[in-house]
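The values are calculated or read from the model by the stated rules, or taken from the named source; none is laboratory data. Bear in mind that the values here come from a model prediction, so they are computed numbers and not experimental data. Backbone-built Cβ (ideal geometry, glycine too); neighbour counts: all protein chains shown.
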Amino acid sequence: MSGLREKSAAYPGNPLFFGELSELRFNDDQKIAMEQAVQENHSRFEQRIAFLSGFGYDPVKEREALLEALGPLEGSVLELGAGKGYFCLTLARRGYRFISVDISEPELKICRLNLRYYGLEHLVDLRREDVAHLSFSAAAFDNIVSVNLFHHLSDPRGALTEMCRVVTPGGKIIISDFNQRGVLLINQCHQAEGRWHEHTGNDLKFARDFFRNKNFCLKGYDTDLHSVLIAVRGVEE
């Protein structure tokens, strides 16, 4: 079973212009088309932020506040659930070099274009991965972060197991997700668009109990729309 239900992007672009952009070489016509794709994607991205902000949810400020509260992330960083790149941009703007994964190729394409618009794509290694079956070796990352991913997971236990496997001894797993009020608000946003926000019913209590049984040290806090769980793996297990 896949750990994450694959999402279709809200505004897919022309697939001709996607891939590992930093490795592609374009002729003049392709460069013009690439720049147009980047600009058009950015316009849609800004419109999306404005739309969500109209309901009282600013996804950019929310990620910035999360990173500010966490403080510096020392060592290697893995983001689970790149999505359209909200947290990717937040981390990259602070100068972090990291890996970010998502199961949805359309979402990764949008994320890549958003990074390219700001000249930050060289800082982020984007990969298509199933979070319940990660390809990384054990104890590979000092920090694992996911924002608004957990409620999408079809196999939360598998995803949490993989987080525990790939985090280093003494490393941190940080999960931020909508609380009950946040779920209601994001549902209102999607309903206004004639869509439904997919939610598997997962909440952070499941993750908290899972990590506690693995002898992780736990702490967390709540904001108006989110709950944040920080699980620190013991050095000796």
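Against the criterion of being touching a strand residue (DSSP E or B) at 6+ places or on another chain (Cβ under 9 Å), modelled with pLDDT of 95 or more, under 30 Å from R181 (Cβ atoms) and surrounded by 24 or more Cβ atoms within 10 Å (Cβ to Cβ), E62 does not qualify. Quick one: in the stretch 72-86, which of the residues that are in a loop (DSSP other than H, G, I, E, B) and not hydrophobic (A, V, I, L, M, F, W, C) is nearest to the chain's Cα centre (by Cα)? Restricting to residues being in a loop (DSSP other than H, G, I, E, B) and not hydrophobic (A, V, I, L, M, F, W, C), the top hit is G81.
What about D177, is it surrounded by 15 or more Cβ atoms within 10 Å (Cβ to Cβ), modelled with pLDDT under 95 and more than 19 Å from Y96 (Cβ to Cβ)? When the stated conditions are applied, D177 does not pass them.
Give the number of residues within the stretch 200-237 that are part of a loop (DSSP other than H, G, I, E, B), surrounded by 15 or more Cβ atoms within 10 Å (Cβ to Cβ), under 20 Å from the mean Cα position of the chain (by Cα) and not charged (D, E, K, R). Residues that pass the stated criteria total 3. Taken as a whole, the structure places E46 among residues that are of a type in the set (D, E), on the phi < 0 side of the Ramachandran plot and assigned to a helix (DSSP H, G or I).
Quickly run through the stretch 74-102 and pick out the residues that are of a type in the set (V, I, T) and either surrounded by 22 or more Cβ atoms within 10 Å (Cβ to Cβ) or within 21 Å of L52 (Cα to Cα) (or both). If you could, list the steps in order and put the result at the bottom.
Step one: filter the stretch 74-102 for residues of a type in the set (V, I, T), giving 77, 90, 99, 101.
Passing the criteria: T90, V101.
Within the stretch 151-165, the set of residues being part of a loop (DSSP other than H, G, I, E, B) and either modelled with pLDDT under 95 or surrounded by 24 or more Cβ atoms within 10 Å (Cβ to Cβ) (or both) comprises S154 only. Of the residues making up the stretch 166-184, those that are among the hydrophobic types (A, V, I, L, M, F, W, C) and not in a strand (DSSP E or B) are V166, V183, L184.
Filter the stretch 87-138 down to residues that are among the aromatic types (F, W, Y), in a helix (DSSP H, G or I) and closer than 28 Å to I32 by Cβ, then give me how many there are.
In the first step, residues of the stretch 87-138 are kept if they are among the aromatic types (F, W, Y); the result is 87, 96, 98, 117-118, 136.
Then drop every residue that is not in a helix (DSSP H, G or I), which leaves 87, 117.
Filter once more, keeping what is closer than 28 Å to I32 by Cβ: 117.
Qualifying residue count, the stretch 87-138: 1.
Listed conditions (1) in contact (Cβ under 8 Å) with a residue 40 or more places away in the chain; (2) among the hydroxyl-bearing types (S, T, Y); (3) under 16 Å from R208 (Cα atoms) are all met by Y117, apart from (3). For the stretch 180-196, check the following and say yes or no: at least one residue is surrounded by 17 or more Cβ atoms within 10 Å (Cβ to Cβ), under 26 Å from S135 (Cβ atoms) and of a type outside the set (A, V, I, L, M, F, W, C). There is no residue in the stretch 180-196 that is surrounded by 17 or more Cβ atoms within 10 Å (Cβ to Cβ), under 26 Å from S135 (Cβ atoms) and of a type outside the set (A, V, I, L, M, F, W, C).
Residue by residue, here is whether (1) loosely packed, with under 15 Cβ neighbours inside 10 Å; (2) hydrophobic (A, V, I, L, M, F, W, C) holds:
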residue: H122; (1), (2): yes, no
residue: E129; (1), (2): no, no
residue: L134; (1), (2): no, yes
residue: D142; (1), (2): no, no
residue: S146; (1), (2): no, no
residue: L149; (1), (2): no, yes
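Within the stretch 138-161, residues that are within 17 Å of D209 (Cα to Cα) and without any contact (Cβ under 8 Å) to a residue 40 or more places away in the chain have Cβ atoms under 8 Å from residues that are in a loop (DSSP other than H, G, I, E, B) and not aromatic (F, W, Y) in these pairs: T161/A132, counting only partners at least 6 apart in sequence or on another chain.
Against the conditions (1) modelled with pLDDT under 95; (2) of a type outside the set (K, R); (3) touching a Lys or Arg at 6+ places or on another chain (Cβ under 7 Å), G194 satisfies every one except (3).
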